[in-house]
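Everything below concerns the one structure shown next.
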Amino acid sequence: MRLTAAVPAIVLATVVALFQTGSTPIPGLSLSDADEVRIGGSLAQQFIKTTGMEPTPQTAKIEAYLQAVGNRLAAHAQRKLPYRFRFDPEPAFKSAFALPGGEIFVGGGALAMMDTEDQLAVVLGHEIEHVAQNHCRDRLNEELAAQHLTVETAEQLKVAPFLRSYGHDGELTADREGVKLSVEAGYSPQGAVRLLTTFLVLGQQAARPSSEAEQSLRDRITQIQRIIAGDKLAMPAEKPLTLP
């Protein structure tokens, strides 16, 4: 079944923190980058299969565009991995998420709310940073340990645990570093402020607005505004979103 949710609950992982991430090594488990990439690829195929994603000429063109923008960002990422950017056309999928090893999915509903490439760049940058900051890797280690699996038996893992939020601090970190990444790639940080403000307004207009999700968004917007002011970031004109 395809995973869907209302805008304020899932957009850009703005859901309330489920737990905080850490970097505590898992005793007795050695995970190489190659292992992480392989396992992430397996989880990606599982998601594609369970959601029923079917490639079409149009989705292939959109993925090529996502990949081109993502490559510009990944060139500046701390972790050099074969980042792969995929498109799920489901309109109700109003978010994006990252899997271990650099597999990143963007939903059709999320793209529909963007009007510039700068907004897309900050979304992709946010997800790249979940990988680069080892949030995905740490969760992979945790899931392997919790289920008593090894890198050889990791194909038994389910994708669901990797679709959850990385907690208040994890999301703020991904925002902070993702904005910096997008700026290094030549994009305007104002795109992040505008996009998060859009999510905030949509959340307030929802039938059951969440005060906790609203505060999370306000914290994230405030952080980006402080980074812009404190680091005196360049504010180039935003580029139009040129979806095929």
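Read the figures in this text as sums done on the coordinates, not as results from a lab. Treat the numbers as computed from the prediction; the structure is a model and nothing was measured.
How big is D, in µm² s⁻¹, for region 81-191 by Stokes-Einstein at 25 °C and 0.890 mPa s if Rh is the Kirkwood radius over C-alpha pairs? Intermediate values should be presented prior to the final figure.
Working: Rh = 14.7 Å.
Calculated translational D: 167 µm²/s.
Can you give the % of DSSP beta bridges in the chain that are antiparallel, to the nearest 5? If we restrict to bridges inside the chain, about 50 percent are antiparallel.
Along region 92-103 the Karplus relation, 6.51 cos²θ - 1.76 cosθ + 1.60 evaluated at θ = phi - 60°, assigns HN-Hα couplings of 7, 8, 9, 7, 8, 8, 10, 10, x, x, x, 7 Hz to successive residues, with x for each Gly and Pro. Labels on offer are (i) 40, 25, 15; (ii) 35, 20, 15; (iii) 27, 20, 19, and the one holding semi-axes √(5λ) of the Cα gyration tensor in Å computed from this structure is (iii).
For the pair region 197-244 and region 118-147, the centres of their Cα atoms are 20 angstrom apart. Taking a straight line from the alpha carbon of Lys232, these lysines sit under 29 Å away, with near neighbours fewer than eight places off in the same chain left out: Lys80, Lys180.
DSSP beta bridges confined to region 75-122 are antiparallel in about 45 percent of cases. Can you return the lysines within cross-link range of Lys49? Criterion is Cα-Cα under 25 Å, with same-chain partners fewer than 8 residues away left out. Of all the lysines, those that pass the test against Lys49 - Cα under 25 Å, at least 8 places apart if same chain - are Lys61, Lys94, Lys158.
Helix 33-51 and the longest principal axis of the C-alpha atoms of the chain enclose an angle of approximately 70°.
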